[in-house]
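Below: the structure, in structure tokens.
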Amino acid sequence: MTEPTLILRDFAIYKGWLNPQMQADLVTDLRDVVAQAPLLRPVTPSGKAMSVRMTSAGRYGWISDRGGYRYARQHPQGMGWPAIPAPVLEIWQALVSDVRMPDCCLINFYAPGARMGMHQDRDEADFNWPVLSVSLGDDALFRIGTLARGGKTESLWLNSGDVVVMGGAARLAYHGVDRIRPGSSSLLRGGGRINLTCRVVE
Ligand code: SIN
Ligand code: FE2
């Protein structure tokens, strides 16, 4: 297996895993997904609007509303989720598993000013499967914590084309995105950042 560029608290970081052409091709595929299953701005269970816009691909999508955080078979507007683009599955096969494919690829779009508060990914049935994260577009300041809310944190910048595998002790570690650096990438017309997170759900 390929070695990560660096490991920070069990988060395995593969800098520049996707070259610029691969990034551009993936964005083309993601435009198709978003055309079929529009990006929406979810609210948290307490009713607060998130700053990130979201949609999903795969058998399941991850949603949030007044009813809670959960996986759903359908987009909130009623359509099924599009298939996970092949290039995403190729990254998964190279870095996670060629036996089991992810059930969900959550697509997060960060416009300038968007952020993601510290949280754990814990709506899945089996935490032995890592979460795979792909960054596209503007740089993001990614914050890594511990297994406990409010634990000591450290941050690093994720750039377009970077891939992170959150497995082992990182699987349930708190993490979030403090901010993006608007204008740092020309990958996305109109700017911003896309983050993909792939998970085995059930
Ligand atoms: C997330 O943890 O849901 C997003 C991580 C990221 O945007 O890099
Ligand atoms: Fe997360």
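Each reported figure results from applying straightforward, stated rules to the coordinates on display, with no laboratory input. Just so it is clear, the model here is predicted, and its values are computed rather than measured. Every residue, glycine among them, receives a Cβ derived from its backbone with ideal geometry; neighbour counts consider all protein chains shown.
Count charges around G68 for me, please; just the other residues with Cβ under 13 Å from its Cβ, Lys/Arg as +1, Asp/Glu as -1.
In short, +1.
Step through the residues of region 73-87 one at a time and calculate ³J(HN,Hα) from phi using the Karplus curve (6.51 cos²θ - 1.76 cosθ + 1.60, θ = phi - 60°), rounding each to whole Hz and writing x for Gly and Pro.
Working through the residues one at a time gives 6, 10, 4, x, 8, x, 7, x, 7, x, 5, 5, x, 3, x Hz.
Enumerate the amide H contacts of R179 below 5 Å, restricted to partners 5 or more residues apart or on another chain; note that Pro and chain-start residues carry no placed amide H.
L141
Once you list every other residue whose beta carbon is under 15 Å from the beta carbon of A169, what net charge do they have if Lys and Arg are +1 and Asp and Glu are -1?
Here the charged neighbours net out to +1.
Non-local amide H neighbours of S184 (under 5 Å, H modeled in plane, Pro and chain starts lacking H): which ones?
D139
Amide H to amide H under 5 Å from V52: which residues, 5+ apart in sequence or cross-chain, H placed 1.01 Å off N in plane?
When sequence neighbours closer than 5 places are left aside, the close amide H contacts are R115.
Evaluate the relative contact order of region 10-199 (contact order divided by residue number), counting alpha-carbon pairs under 8 angstrom at least 6 apart; express in whole percent.
Once normalised by length, the contact order is 26 percent.
At 222 nm, what helix-only mean residue ellipticity would the chain give, in deg cm²/dmol to the nearest 500, using -39500 (n - 2.57) for each DSSP H run of four or more?
Using -39500 (n - 2.57) per qualifying helix, the result is -4500 deg cm²/dmol.
Provide the per-residue ³J(HN,Hα) series for region 157-164, in order, calculated from phi with Karplus coefficients 6.51, -1.76, 1.60 and θ = phi - 60°, each as a whole number of Hz, with x at glycine and proline positions.
Result, ordered by residue: 8, 9, 10, 4, x, 6, 10, 10 Hz.
Return the sequence-ordered ³J(HN,Hα) values of region 178-187 in whole Hz as given by the Karplus equation 6.51 cos²θ - 1.76 cosθ + 1.60 applied to θ = phi - 60°, using x for Gly and Pro.
Coupling constants for region 178-187: 5, 5, 9, 10, x, x, 7, 9, 9, 4 Hz.
Once you sort the root eigenvalues of the Cα gyration tensor of the chain as a ≥ b ≥ c, which label holds: rounded (a/c under 1.5), prolate (a/b larger than b/c) or oblate (the other case)?
Note, shape of the chain comes out rounded.
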